[in-house]
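Right, one structure below, let's go through it.
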Amino acid sequence: MSWFRQVDQYGLVSLIIDSISCRPLRALIAVLSIAVAMGGGMTMVGVSESLEATVQQGYASRQVDLMLMQANKSNPMTSRISETFVDQVRKIDGVQGAQAALIDSLLLDNDSGILVYGWPPGYQEISYRQGGEVIELQQGQVLIGRTAASLHDLTPGKTIELNLGDFEIIDFFEANSFFESGVLFMRLDDLQQLTSARETVTFIFINLDQDLTESSRWQLMEEIEAINPILKVVTTEEFLQKNQLTASVRGLGRIILVANALLSILIISTIMVLTVSERRQELAVLRAMGWSATRVSMLVLLETAVLATVAALIGGLIGLVGMKASLIYVQTLGVYSQSIVTLQQIMWLGISTVVIATIGAALPIYFTLNITTSEALRK
Amino acid sequence: MALLELQNISRVYGGVIRALDDVSLSITAGETVALLGASGSGKSTLLNIIAGFETPSSGTVRVAGEPVSTQQPDKFHQNIIGFLFQQFNLLDHLSAVRNVELALFPTCRKAQQRYLNSCKLLKEVGLGDRLHSRAALLSGGERQRVAFCRSIANQPQLLLADEPTGNLDKASSKKLLSIVANYMSSHQGTLIVATHDDEVAKICQRSIRLEDGRVVE
């Protein structure tokens, strides 16, 4: 092991490994508990961010760069703007395309509410395949997301009643996000008629020229908003940041991660306090040999840090596997999502590890500082 | 010149138990001294006070002319004092060589150097074949020899030993005493050893007897 001595020139690492490995069961319990706690938190954050990123990619795949909605609406689903703005937006230089969409909740079979998206005829999302042919939805026809179908026990071929109007479910809608999997899709004019919202829409999705610079993009956004003071333009990223559903999922993930990090601190702190209490005499002997309180504390801190780091690495793996498994499960519910590991997640893991090791070691270090050399003699 | 000077040292526990009562003595560099006395006579308390592990209730301890109370504890224990415990106080999960290395941690930064120095010391006391044995697996005599190496690893000016043969059989005691005596004569070190074993006292130049916390001869 001479190579290891070369690497570990100060001998601290091997001393720490010796100390940890002489209590293998305790170290294993500490590492696994923290790993599972951190892994659970990472899973939640990973799932929420993957779902969000998938929605984001969904917008990108539909070439949606901006969303035009009613200003001063804390819940964007309650936005209502005139459909006539679509034509005005299309005329602006730099805008490649604009599509209106109405979103509303309807009464399904006189029983429960269901979210419905209305898109204009000709929009490819309200079409379906039949015998290799793409057919557009006709009036009185709807597509259904798989989660909505599962929740309401509906299948293609059935007829449903929506706000007292009869509609035929033609096919499943292949949603590319969890938002749309729980939704019904119909023609915009149908939905406007059902909700008595003539020429009214919730959003206008805007597709921009790809060669626009950042500054001309900002300028264009201002130009669109200048059409009418009632209008507000947001990027899809901003929309998702403010969206209550994604914010809730994201917030929940982070709350669980923080809660689990606190739990990890408690675990490592308890275990290290136990260890330090058990090793009071050993640490006192070190003090009697001229180890300063700082050096002994550093030993305890590094032991805690090694345990926390190993736990974080295993926790990261658990988080990754948990995220994949959760997203596979989510997909069985009809919610499509890619699993995306972001740099931010890895940073969270790294920061959490440092925080857990530092705070978790504080109490044991406090106990360590109170150890006096005279204790070495009391046995 | 006196290496160690004790002036009117008293130690009272809980305001009632007088472990040491007005002890004064002086020990010169290179001297080997046996502290004799029955159990409870105050020998260990006196060693603890000299080592700076305990504070006297009154009186002054000076080592190399400096009061112990004003010395920086870490430096004092690294460079001036070596302590040999009756119960060895080894870290059982570590090997013999690692136990000795621990004493060198604060004074020698390079792990390789610490390792080589520790191996050399252990070989000198006949433990060359037990370098990597865990302390827990060593015999009592071997453990005390490791503890001795650890106590002299930094070449202290003053070696304090509290009943070093108290937990050893006769053969192991004899071997340890011979090692200690050889070391003291070759290094001209100063030794104070608390004991009630006459054999231990024989290796020392001078004996001091304590009774009920007082020096009686």
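Every number in this text was worked out from the coordinates using simple rules, so none of it is lab data. Since we're looking at a predicted model, the values are computed, not measured. Every residue, glycine as well, gets a Cβ built from its backbone with ideal geometry; the counts of neighbours run over all protein chains shown.
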Of all the Cα-Cα pairs you can form in chain B, what percent are over 27 Å apart?
31
Taking the Cα centroid of region A:235-251 and of region A:64-136, what is the distance between the two, rounded to the nearest whole Å?
19
Take every DSSP beta bridge whose two residues both sit in chain A, then give the antiparallel share in percent to the nearest 5.
75
How big is the convex hull of the Cα atoms of the protein assembly as shown, per residue, in Å³?
238
Lys pairs in chain A with Cα under 28 Å (8 or more apart in sequence, or on separate chains) total 6
Run through the DSSP bridge list for region A:118-242 and note the antiparallel percent, rounded to the nearest 5.
60
Please compute the contact order of region A:77-170 in relative form: average sequence separation of alpha-carbon pairs under 8 Å and at least six residues apart, divided by the residue count, as a percent.
21
Report the Stokes-Einstein translational diffusion coefficient (µm² s⁻¹, integer) for region A:1-113, Rh taken as the Kirkwood radius over Cα pairs, at 25 °C with viscosity 0.890 mPa s.
117
Projecting each Cα onto the charge dipole of the protein assembly as shown (Lys/Arg +1, Asp/Glu -1 at the beta carbon, about the Cα centre), which of A:Ile227, A:Ser127, A:Leu301 comes out farthest on the positive side?
A:Leu301
Can you compute the charge dipole magnitude of region B:1-74 about its Cα centre, using +1 on each Lys and Arg Cβ and -1 on each Asp and Glu Cβ, nothing else charged? Give it in debye, rounded to the nearest 20.
180
Rounded if a/c is under 1.5, else prolate if a/b is larger than b/c, else oblate: which is region A:72-229, with a ≥ b ≥ c the root eigenvalues of its Cα gyration tensor?
prolate
Roughly speaking, what is the centre-to-centre gap between region A:8-60 and region A:182-228 when only Cα atoms are used, to the nearest Å?
43
Nitroxide proxy distance, nm - points 7 Å out along Cα→Cβ at A:Arg198 and A:Glu214:
4.7
Over all Cα pairs of region B:55-108, the Kirkwood radius sets Rh, and Rg/Rh then becomes 1.07
Extreme residue, positive dipole direction of region A:72-229, given options A:Leu164, A:Thr84, A:Gly140 (C-beta unit charges)
A:Leu164
Largest fluctuation, B:Lys110, B:Lys75, B:Lys174 only, Gaussian network model of chain B with Cα springs under 10 angstrom, belongs to B:Lys110
Over chain B, what is the relative contact order in percent, taking alpha-carbon pairs closer than 8 angstrom and at least six residues apart?
32
Could you order the peptides B:6-13, B:92-99, A:257-264 from most to least packed, using the average number of other C-beta atoms within 10 Å per residue?
B:92-99, A:257-264, B:6-13
For B:Lys123, the lysines lying under 24 Å Cα to Cα, once residues fewer than eight places off in the same chain are dropped, come out as B:Lys110, B:Lys170, B:Lys174, B:Lys175
Once you keep just the Cα pairs under 8 angstrom separated by 6 or more residues, what percentage relative contact order results for chain A?
29
Please give me, ordered by residue number, the trypsin sites (Lys or Arg not before Pro) of region A:73-114 that lie in loop per DSSP and have at most 13 other Cβ atoms within 10 Å.
A:Lys91
Nearest 20 debye, what's the magnitude of the dipole of chain B about its Cα centre given +1 on Lys and Arg Cβ and -1 on Asp and Glu Cβ?
820
Is the shape of region A:149-199 rounded, prolate or oblate, going by the alpha carbon gyration tensor and its root eigenvalues a ≥ b ≥ c, with a/c under 1.5 for rounded and a/b larger than b/c for prolate?
oblate
Can you compute the charge dipole magnitude of the protein assembly as shown about its Cα centre, using +1 on each Lys and Arg Cβ and -1 on each Asp and Glu Cβ, nothing else charged? Give it in debye, rounded to the nearest 20.
3680
